[in-house]
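Have a look at the structure below, then the notes.
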């Protein structure tokens, strides 16, 4: 079964905070891009492999 994953505005805001912290505070923009890319890839993969995580409303 395929599900549609919806990412909340709060989750996007959290990703922006994570990115900013790593890029600006830790001075590693490349690490920030890599991490956010990895996280978004995993989020998108839930469309096809949704049963590996608990479902939240």
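Readers should treat all values here as calculations from the given coordinates under stated rules, not as data from a laboratory. These numbers were taken from a predicted model, which means no experiment stands behind them.
For the chain, what does -39500 (n - 2.57) per DSSP helix run (n ≥ 4), summed and divided by total residues, give at 222 nm, in deg cm²/dmol to the nearest 500?
-16500 deg cm²/dmol
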If the chain between residue 7 and residue 33 were fully extended at 0.36 nm per residue, the gain over the current Cα-Cα distance would be 7.5 nm
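Report the relative contact order of the chain, percent, no decimals, based on alpha-carbon pairs under 8 angstrom and at least 6 residues apart.
Rounded, it is 46 percent for the chain.
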